[in-house]
Amino acid sequence: MIIYSVSEITQKVRQQVSSIGWVWVKGEVSNLNYHSSGHIYFSLKDEESIIKAVIFRRTAPHIKYRLKEGQEFQIYGNIDIWRKGSQYQIIVEQVIPGKTGAFYLRFQEVKERLEKKGLFNEKYKKELPEFPKAIGIITSGEGAAIRDVLKIIRKRSPFTPLIVRPTLMQGEEAVNDIVSAIKEFNEYGKVELLILTRGGGSIEDLWVFNEEEVAYAIFKSDIPIISAIGHERDFSISDFIADRRAATPTEAGEIAVPSIEQLMVHLKHLYGKLKTLIDNKIESYRAKLETLRKSYAIRKPLSVLEFKQQTIDHLEDLLIQHGVNNIRSLRERIRRLTPKPPELSTLMLEINNLQGRLKNSVNQLLKDKKQIVRSLESTLQATSYEKTLSRGYSIVRKGTKIIRDSQKLEIGDNLHIQFHKGSSKARVEETEPETKKA
């Protein structure tokens with residue numbers, strides 16, 4: 001016969017009880033004691049039984065709901081034995097009000113399932129347009145939510161078109177209506193941003209936004225979506241799936257469009273960038289123009305033409321010399337050979353052919369180069385001062401200086417005026433300053 005001590009029996013019972021593990025238990029709270037140590041002691045009972053429960057001090061700050069005597073709660077914890085009192089109890093880690101507990105558990109289940117599939121991953125979040133050309137609003141046709149969204153958007157960006165699609169926000173038919181609204185806007189294709197919103201309510205009222213059909217419709221939307229469901233403390237699956245969450249309908253409007261002040265700052269920034277770009281372009285063209293003005297071809301155009309002619313002469317000499325050398329080489333080969341008369345005649349024929357081809361090549365090259373020279377001469381003549389005079393202009397000189405400014409003249413000065421044909425002499429009787437253009 002084995003005789004156990006009280007502690008041994010308690011330990012065996014504890015091993016059996018501990019094997020139950022983590023469980024959810026619901027019941028009515030009684031004997032509630034917020035102890036000075038920071039621990040919370042209470043009992044959970046129903047019509048037939050009662051179980052002791054404790055929330056240790058390390059866990060108490062993380063409990064979202066405050067326990068109340070006589071109210072029903074669902075608690076999550078681990079079954080264990082308190083050895084000193086030899087009584088079993090549940091060590092609590094989580095507390096949910098009994099009325100909403102079932103909804104909360106379903107919420108957690110859906111959230112975990114979608115999270116494992118990666119639907120909450122940031123890489124799938126679409127970027128919101130900075131200045132949307134049109135915004136679609138999915139919400140109830142009546143209520144505070146639509147009024148708040150319209151008010152804030154019209155105040156911040158009155159010129160942005162808004163399209164409201166009245167939609168059921170709770171009830172059995174709400175899921176299909178919300179899914180249809182998202183699809184309709186995507187098929188319509190003329191809005192760049194969607195706002196899905198409704199005002200506050202109980203978890204039952206907001207439950208439609210935790211349904212997987214709504215979550216997948218948001219995820220598959222090609223248009224970015226802002227989710228603004230309930231109040232700031234309310235979270236739904238739609239908030240996790242959407243490209244951006246807003247705590248309230250008003251905040252959704254603030255996120256959707258920039259204010260007029262922000263637009264003015266943006267426009268001022270764009271103006272500055274555009275001005276800088278234009279200034280840089282003008283400066284670049286001015287530098288290029290200055291480089292051209294100082295270039296050798298502009299300052300001494302005839303020299304450029306002369307250099308071209310010199311190059312042609314040099315090429316002509318090289319080509320003739322090359323031909324002469326080829327002929328000498330062939331003649332030397334003929335001289336060294338003692339060919340039969342037919343072979344000698346063949347070589348002579350080859351020489352004649354080469355001479356003909358050489359002559360044609362030289363003539364063609366000279367023809368091409370002369371054409372280039374004529375083109376350059378035409379360009380030079382078109383830009384010469386004689387051509388300018390032929391169009392009705394004249395050159396005014398005072399002595400040897402060309403006069404470009406009437407303010408350089410004095411009454412009585414003798415002038416020499418050169419025309420396209422002939423010249424004249426004149427005396428200054430009156431001068432007028434340059435008229436400023438408006």
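Quick look at the values:
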| read-out | value |
| --- | --- |
| Filtered residue count, the stretch 105-156, keeping only those that are more than 25 Å from residue 200 (Cβ to Cβ) and in contact with a strand residue (DSSP E or B) (Cβ under 7 Å, 6 or more places away or on another chain) | 3 |
| Odd one out for residue 64, checked against (1) buried (at least 16 other Cβ atoms within 10 Å of the Cβ); (2) assigned by TED's automatic domain parsing to the domain that holds residue 12 | (1) |
| Which listed residue is modelled with pLDDT under 95 and either under 16 Å from residue 210 (Cβ atoms) or part of a helix (DSSP H, G or I) (or both), from 141, 171 | 171 |
| The stretch 38-76 - residue that is aromatic (Phe, Trp, Tyr) and not in a strand (DSSP E or B) and, of those, nearest to the chain's Cα centre (by Cα) | 65 |
| Residue ID - modelled with the highest pLDDT, chosen from residues in the stretch 77-104 that are in contact with a strand residue (DSSP E or B) (Cβ under 7 Å, 6 or more places away or on another chain) and hydroxyl-bearing (Ser, Thr, Tyr) | 88 |
| Residue 229 vs. criteria modelled with pLDDT of 85 or more and under 24 Å from the mean Cα position of the chain (by Cα) | no |
| Lone qualifier among 411, 417 - being among the β-branched types (Val, Ile, Thr), loosely packed, with under 14 Cβ neighbours inside 10 Å, farther than 30 Å from residue 313 by Cα and at pLDDT 75 or above | 411 |
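The values are calculated or read from the model by the stated rules, or taken from the named source; none is laboratory data. Since we're looking at a predicted model, the values are computed, not measured. Heads up, the Cβs are rebuilt from the backbone with ideal geometry, glycines too, and the neighbour counts pull from every protein chain shown.
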